[in-house]
Amino acid sequence: MKYKKYKSENRFPLLARSMGKLHKVEYLGFSSEATRLLFDKFDMVSIAMFANRLDITICAKAYAGDSRIELEDASTKERPFYKIYVETQKDEYHQVERVFCSAHEADVFIKTRTGVEVMDTIRCGEVRYFIVCSSKASKPLEDLL
C-alpha cells in the first residue's frame, strides 16, 4: 500500500501542528514516491512523521490549517510527545506519544509509562497501527490564560 486516506477505527480526526498551523490529516503516505503522488494528484503536503515510524508520512491539504488554534504541549525533555493530536468526540485533544504496529508493542510501552493509553487505531491492509496518546487532554492555550 503506497498511501491511504486517513480514517481511524474510532473515526477520531488526527491533527498535526506544522508551519504555524494546526492541520487536519487527510492521507498517510508509506513511501517518498507516494508522498509525491499525493502532492501531484491531490494537492497534499507532508506535514509530519512519527519519529518511531519513519515509514509513515502524514499529509494534509496544501495551504490549509488553522493558525488560531494553539494547544498545550505535554512534551518534556525526558518525555517527548509529537505535535500531533487525536481529537475525541468530547472535543478534547490528546497528544500522541508513539504509534505501534502491534497491540503487544503498544501494551509493553504503556506499562512503562503513566498517563498514556491507546486512543485510536488505523487499519492499513492487514496492518493495524495503535496510536498511544496522553490520557490527559491538551487544553487550548487561551483556556490557560
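The values are calculated or read from the model by the stated rules, or taken from the named source; none is laboratory data. Keep in mind that what you see is a predicted model, and the values were worked out from it rather than measured. With ideal geometry, Cβ positions are generated from the backbone for all residues, glycine too; neighbour counts draw on all protein chains shown. The area values use the complete protein model at the heavy-atom level, side chains included, leaving out ligands, DNA and RNA. Shrake-Rupley method; radii C 1.70, N 1.55, O 1.52, S 1.80 Å.
Among all residue pairs at least 6 apart or on different chains, which show Cβ distances below 9 Å where the first residue, located in segment 42-69, is without any contact (Cβ under 8 Å) to a residue 40 or more places away in the chain and the second is outside any loop (DSSP other than H, G, I, E, B) and exposed (fewer than 12 other Cβ atoms within 10 Å of the Cβ)? These pairs meet every condition: MET49/ASP55; THR57/SER32.
Test TYR63 against the stated conditions and say whether it is on the phi > 0 side of the Ramachandran plot and either touching a strand residue (DSSP E or B) at 6+ places or on another chain (Cβ under 9 Å) or assigned to a strand (DSSP E or B) (or both). Taking the combined requirement at face value, the residue satisfies it. From the list GLU70, GLU105, GLU142, the lone residue that is charged (D, E, K, R), more than 20 Å from ARG11 (Cα to Cα) and at pLDDT 95 or above is GLU105. Checked against (1) surrounded by 17 or more Cβ atoms within 10 Å (Cβ to Cβ); (2) out of contact with any helix residue (DSSP H, G or I) (no Cβ under 6 Å at 6 or more places or on another chain); (3) assigned to a strand (DSSP E or B), ARG123 passes all but a single condition, namely (1). Spot the failing condition for LYS24; the list is (1) within 15 Å of the chain's Cα centre (by Cα); (2) within 30 Å of THR112 (Cβ to Cβ), and only one is missed. Tallying (1) within 15 Å of the chain's Cα centre (by Cα); (2) within 30 Å of THR112 (Cβ to Cβ), LYS24 fails exactly one: (2). In segment 79-95, the residues that are within 13 Å of SER135 (Cβ to Cβ) and open to solvent by 40 Å² or more (accessible area, probe 1.4 Å) reach residues that are at pLDDT below 95 and assigned to a loop (DSSP other than H, G, I, E, B) with C-beta atoms within less than 7 angstrom, at least six apart or across chains, in these pairs: GLU92/ALA137. Among the residues of segment 131-142, none qualifies, meaning not one is in contact with a Pro (Cβ under 9 Å, 6 or more places away or on another chain) and either surrounded by fewer than 21 Cβ atoms within 10 Å (Cβ to Cβ) or touching a residue at least 40 places away in the same chain (Cβ under 8 Å) (or both).
Filtered by the rule that a residue be closer than 24 Å to TYR93 by Cα, free of Cβ contacts under 8 Å to residues at least 40 places away in the same chain and not in a loop (DSSP other than H, G, I, E, B), segment 1-41 gives LYS5, TYR27, GLY29. Among the residues making up segment 19-64, those that are open to solvent by 20 Å² or more (accessible area, probe 1.4 Å), of a type in the set (S, T, N, Q) and under 17 Å from VAL96 (Cβ atoms) are SER46, ASN52. Looking only at residues of segment 66-109 that are assigned to a loop (DSSP other than H, G, I, E, B) and in contact with a Ser or Thr (Cβ under 6 Å, 6 or more places away or on another chain), we find that the one that is nearest to SER31 (Cα to Cα) is PHE81.
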